[in-house]
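Data block below; observations after.
The values are calculated or read from the model by the stated rules, or taken from the named source; none is laboratory data. The structure presented is a predicted model; accordingly, all values stated were derived computationally and were not measured. Note that we place each Cβ from the backbone using ideal geometry, even for glycine, and neighbour counts take in every protein chain shown.
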Amino acid sequence: MKTCLTTALAALLLLPAALVAQEPIDGRASDVDEIRVTGRSVTTGLAQIEVDREILVDTATALKDIPGANVNANGPVTGIAQYRGMFGDRISVVIDHLGVVSGGPNAMDAPLSYLSPMITENLSVVRGIPSVSLAPESIGGHVSTALSRGDFSIAGPALSGFVGSRYSANGNVSTSASRLTLAGNTHKLSLVAELDEGDSVSTPVGENRPTRLHRERSDLSYAFAGDRTSVLLFAGRLDTDDTGTPALPMDIRFIDTMLAGAQATLELNENVSLEARVAWNDVEHLMDNFGLRQAPMPPMQRQNFSTGSGTQASLATTVALSGSTLILGIDTSTADHDATITNPNNAMFRVDNFVDANRDVFSVFAEWKRDAGLGDIEVGLRARRVETGAGEVFAVGMMGDMGANAALLADAFNAADRSKRWSTVDAVLKYRWQIDSGTEWRFELGSKTRAPSYQELYLWLPLQATGGLADGRSYIGGLDLDEERSNEITIGFGRTIGRFAISPQLFFKRIDEYIQGVPSTNMVANMVSQMMSGSPALQFSNVNAEIYGADIAWQVELSEQWSLDGVASWTRGKRRDISDNLYRLAPPNASIGLLWENDRLSIASELVAYSEQDNVSIFNGEQRTPGYALINATLNWTPTDALRIEARLDNLSDKTYQDHLAGINRAGGSDIPVGVRLYGAERTLSAGVIWSF
């Protein structure tokens, strides 16, 4: 099997070269263009997906179709973005140019969970190093999404929108969504709503419990577009109830989030414009280990009530200079978190997971871009100040040595200096060189930083509240953590020859003070961890690491109706200070798709292959994963301009496989044993109907 999958991956990687070889030697090079198939496009600098065309439940799953990107899936709607070996807080994820404060310490409401696919207009990933103007912190990459709020009506006041529904036979998963937009040429009012629900899904080895889900998302917005001014005001709500996360120690009982924000642009004159944004969200989140999965004995039942709230604000000015553009900006954000663990059977049991854990970020940036015809250059600098703090903690209700040791850890934490601050500078240099009308080279250098998260700092008791790491290990924080710094280089090119286009990139990141868990030397913490989980604790610490690899996108138009396209990614991450690998990196993978389409109908099939992952982290006890290959197929039919009928068949051959990024099962009562890597879904047929007006 290993040999077969290696051969399949090699074939998928070498296919673009074979197709190039088949082009006529005297074939003319055309303009460098994007690699585009229905609903997807890739250029040397950006990859985009029209997520509303994908039959998905978790928006994050769409990342698998982007070169270098993937998703850490801890549950049906708990996907955490991964890009070129980094994930979680290292990836900047924005919705309508604004971030979201997560409510839970295990990222059950990861940013992309706030956007259901049918109401998402698009998802894009910056290929390479993100510009400093895109986000205050983006050491690992930048993902941008937008909610579908409809368009202005040039012809005058008009009512538009859509109503749609999708159904998947595996788990009876359904999605229903609608949008109603009343718009003229300057004013627009839009209401968006979506409901996702389903039961646990089945795999070839049995049912994966709990993977049931229930999520409601709504948004009301007003927009104004004038000659020199534009405004967007919005308020929304996310309600996620009784949703499983089998790779985590608890499941979602509810996530109630309120969101609001405003954006405005103003053109002062032909050369100067202003852009301002502000956002707020507030989250209440309850999770437990007994409501959706097999309950442990009453003394071991736990529930965690957590809250998160935050604000973000930014102001930027764009100045058009002679042959260049200068962007100057300022950003600020605040985030506050609390989490309390209790036992519903013991009113005396209470553990302060986090108390008033706050993280404030203030930064300024300058970015200069020059278009020199065949060559563009970009230089950016961002100075940032991060300040964090946390309140005093305590734990009661633990018996014997457990309670005594927990009290010792709480006393030590309360006596320590918990107010921390970091001052850092990021720098980015990009150069795009268009050699001729069909070839473009891209060179990027960057030095990006990240200050520690509140979990990495303030997790005082050995627990698994780790931002969704899902490795089954208990962690404690490190109050002496330094900021991470990634010095990186990206080299890529785009080439278009006749009907063939290709865009590969190479990257290398040297990361100093990389934060990950290492065996704790705190004997008290280790004793508590041994009593709770059977293993000693890991402590968030600074180590040295490097990540390197390559990814590629390509396409060939076989005829006016037939085309082939593909994506391949390879990432390697390891420690520089010892012989070990970085945790939870996607294995080498590739896909190839065959598409036939005309004006009304498109039919596509794809082969997706993942190699085995043998480069696993020893300290995290990471399990190896065998490789696999899947065949999927999709159909989209638009019998009229207003109606779209769609169908998708996943895992056509009903293959038994394990996604390396799906995590380890932590839930009792499932057909998948506890401690075994979660299996992928069995053959699954899905269908949908969308009516637009």
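If you check Thr634, Thr640 for being over 25 Å from Asn170 (Cα atoms) and not hydrophobic (A, V, I, L, M, F, W, C), only one passes: Thr640.
If the condition is being free of Cβ contacts under 8 Å to residues at least 24 places away in the same chain and surrounded by fewer than 14 Cβ atoms within 10 Å (Cβ to Cβ), then segment 642-693 contributes Pro673, Val676. Only one of these is within 29 Å of Asp659 (Cα to Cα), touching a strand residue (DSSP E or B) at 6+ places or on another chain (Cβ under 6 Å) and assigned to a loop (DSSP other than H, G, I, E, B): Leu564, Leu585. Name it. So the residue among Leu564, Leu585 that is within 29 Å of Asp659 (Cα to Cα), touching a strand residue (DSSP E or B) at 6+ places or on another chain (Cβ under 6 Å) and assigned to a loop (DSSP other than H, G, I, E, B) is Leu585. Each residue in segment 379-398 was checked for being under 16 Å from Asn353 (Cα atoms), of a type in the set (Gly, Ala, Ser), out of contact with any Leu (no Cβ under 8 Å at 6 or more places or on another chain) and assigned to a strand (DSSP E or B), and 1 pass.
Looking at the structure I just gave you, is Thr240 assigned to a loop (DSSP other than H, G, I, E, B) and within 17 Å of Thr59 (Cα to Cα)?
No.
Summed over segment 544-583, residues that are surrounded by 20 or more Cβ atoms within 10 Å (Cβ to Cβ) and either in contact with a His (Cβ under 9 Å, 6 or more places away or on another chain) or of a type in the set (Val, Ile, Thr) (or both) total 5. What are the residues in segment 107-127 that are assigned to a loop (DSSP other than H, G, I, E, B) and not acidic (Asp, Glu), if any? Across segment 107-127, the qualifying residues are Ala107, Met108, Ala110, Leu115, Ser116, Arg127. Against the test of being more than 21 Å from Gly310 (Cα to Cα) and not in a strand (DSSP E or B), the options Asp401, Asp376 yield a single qualifying residue, Asp401.
Among residues of segment 376-401 that are touching a residue at least 24 places away in the same chain (Cβ under 8 Å), those with a Cβ under 6 angstrom from a residue that is buried (at least 21 other Cβ atoms within 10 Å of the Cβ) and small (Gly, Ala, Ser), sequence gap 6+ or separate chain, pair up as Gly380/Ser131; Arg382/Ser363; Arg384/Ser363; Val386/Ala451; Ala390/Ala357; Ala395/Ala406; Met398/Ala406.
Quick test for you: out of Ser535, Ser541, Ser579, pick the one residue that is more than 23 Å from the chain's Cα centre (by Cα), part of a strand (DSSP E or B) and hydroxyl-bearing (Ser, Thr, Tyr).
Going through Ser535, Ser541, Ser579 in turn, the sole match is Ser541.
Looking only at residues in segment 246-274 that are charged (D, E, K, R) and out of contact with any Pro (no Cβ under 9 Å at 6 or more places or on another chain), the one that is surrounded by the fewest Cβ atoms within 10 Å (Cβ to Cβ) is Glu270.
Residues checked against (1) at pLDDT 95 or above; (2) surrounded by 15 or more Cβ atoms within 10 Å (Cβ to Cβ); (3) in contact with a Ser or Thr (Cβ under 9 Å, 6 or more places away or on another chain); (4) not polar (S, T, N, Q):
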{"residue": "Ala320", "(1), (2), (3), (4)": "yes, no, yes, yes"}
{"residue": "Gly323", "(1), (2), (3), (4)": "no, no, no, yes"}
{"residue": "Gly329", "(1), (2), (3), (4)": "yes, yes, yes, yes"}
{"residue": "Thr334", "(1), (2), (3), (4)": "yes, yes, yes, no"}
{"residue": "Thr340", "(1), (2), (3), (4)": "yes, yes, yes, no"}
{"residue": "Pro344", "(1), (2), (3), (4)": "yes, no, no, yes"}
{"residue": "Val361", "(1), (2), (3), (4)": "yes, yes, yes, yes"}
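A quick yes/no check of all residues on (1) surrounded by fewer than 18 Cβ atoms within 10 Å (Cβ to Cβ); (2) touching a Phe, Trp or Tyr at 6+ places or on another chain (Cβ under 9 Å); (3) under 25 Å from Ala357 (Cβ atoms):
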{"site": "Ala276", "(1), (2), (3)": "yes, no, no"}
{"site": "Asn281", "(1), (2), (3)": "no, yes, yes"}
{"site": "Glu284", "(1), (2), (3)": "yes, yes, yes"}
{"site": "Met287", "(1), (2), (3)": "no, yes, yes"}
{"site": "Phe290", "(1), (2), (3)": "no, no, no"}
{"site": "Arg293", "(1), (2), (3)": "no, no, no"}
{"site": "Asn304", "(1), (2), (3)": "no, no, yes"}
{"site": "Gly310", "(1), (2), (3)": "no, yes, yes"}
{"site": "Leu315", "(1), (2), (3)": "yes, no, no"}
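Taking the criterion of being touching a Leu at 6+ places or on another chain (Cβ under 8 Å) and among the aliphatic types (A, V, I, L, M), the only residue of segment 342-356 that qualifies is Val351. Would you confirm whether or not segment 513-535 contains a residue that is more than 17 Å from Ser474 (Cα to Cα) and either surrounded by fewer than 20 Cβ atoms within 10 Å (Cβ to Cβ) or in contact with a helix residue (DSSP H, G or I) (Cβ under 6 Å, 6 or more places away or on another chain) (or both)? Yes.
Mind checking which residues of segment 219-229 are of a type in the set (Gly, Ala, Ser) and either buried (at least 16 other Cβ atoms within 10 Å of the Cβ) or within 30 Å of Ala295 (Cβ to Cβ) (or both)?
Residues satisfying the conditions are Ser221, Ala223, Ala225.
The rows are residues; the columns are (1) over 29 Å from Gly467 (Cβ atoms); (2) of a type in the set (A, V, I, L, M, F, W, C); (3) part of a loop (DSSP other than H, G, I, E, B); (4) out of contact with any Lys or Arg (no Cβ under 7 Å at 6 or more places or on another chain).
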site: Thr265; (1), (2), (3), (4): yes, no, no, yes
site: Ala276; (1), (2), (3), (4): yes, yes, no, yes
site: Ala279; (1), (2), (3), (4): no, yes, no, yes
site: Val283; (1), (2), (3), (4): no, yes, no, yes
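Scanning segment 624-635 for residues that are out of contact with any Phe, Trp or Tyr (no Cβ under 7 Å at 6 or more places or on another chain) and either over 24 Å from Val77 (Cβ atoms) or of a type in the set (D, E, K, R) (or both), we see that the one that is surrounded by the fewest Cβ atoms within 10 Å (Cβ to Cβ) is Arg624.
Contact annotation: residue pairs with Cβ atoms under 7 Å, 6 or more positions apart or on different chains, pairing a residue in segment 351-366 that is in contact (Cβ under 8 Å) with a residue 60 or more places away in the chain and closer than 15 Å to Leu479 by Cβ with a partner that is assigned to a strand (DSSP E or B) and charged (D, E, K, R), are Phe354/Asp338; Asn358/Asp336.
The residue of segment 108-122 that is surrounded by the fewest Cβ atoms within 10 Å (Cβ to Cβ), among those that are under 25 Å from Ser309 (Cα atoms), modelled with pLDDT of 95 or more and among the hydrophobic types (A, V, I, L, M, F, W, C), is Ile119. Checking Leu601, Leu585 one by one, the residue that is out of contact with any Lys or Arg (no Cβ under 9 Å at 6 or more places or on another chain) and in contact (Cβ under 8 Å) with a residue 24 or more places away in the chain is Leu601 and no other.
This table checks each residue for (1) of a type in the set (Gly, Ala, Ser); (2) under 25 Å from the mean Cα position of the chain (by Cα).
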residue	(1), (2)
Tyr583	no, yes
Pro587	no, yes
Leu607	no, yes
Glu612	no, yes
Val616	no, yes
Phe619	no, yes
Ala633	yes, yes
Ala642	yes, no
Leu649	no, yes
